[in-house]
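Visitor: Can you keep this structure in mind? I'll have questions shortly.
The values are calculated or read from the model by the stated rules, or taken from the named source; none is laboratory data. All values derive from a computational prediction rather than experimental measurement. Cβ sites come from the backbone with ideal geometry, for glycine too, and all protein chains shown count toward neighbours. Note: areas computed on protein heavy atoms with side chains; ligands, DNA, RNA excluded. Shrake-Rupley method; radii C 1.70, N 1.55, O 1.52, S 1.80 Å.
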Amino acid sequence: MEDRAIVALYWKRLESAITETEKQYGRLLRAVSRGILKSEEDAEECENDT
């Protein structure tokens, strides 16, 4: 899904926006967080907080 479509879901206040964001960016965010924090648990928490 394209970013514009995900943003549109957020504007519509649909919970599917969170799922689509996770599909699009979850792996990248987790990888960057893991590289910085050196902890899988902390990386998951960072992803959830974001």
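Visitor: Please tell me if Arg13 is of a type outside the set (S, T, N, Q), out of contact with any Gly (no Cβ under 8 Å at 6 or more places or on another chain) and either in a helix (DSSP H, G or I) or open to solvent by less than 80 Å² (accessible area, probe 1.4 Å) (or both). Give the derivation first.
Guide: Working: of a type outside the set (S, T, N, Q): yes; out of contact with any Gly (no Cβ under 8 Å at 6 or more places or on another chain): yes; either in a helix (DSSP H, G or I) or open to solvent by less than 80 Å² (accessible area, probe 1.4 Å) (or both): no.
No; evaluated as a whole, the condition is false for this residue.
Visitor: Which residues, counting only those in segment 1-27, are at pLDDT below 95 and among the aliphatic types (A, V, I, L, M)?
Guide: Met1, Ile18
Visitor: Have a look at Thr21, Thr50 and point out the one that is surrounded by 15 or more Cβ atoms within 10 Å (Cβ to Cβ) and within 8 Å of the chain's Cα centre (by Cα).
Guide: Result of the check over Thr21, Thr50: Thr21.
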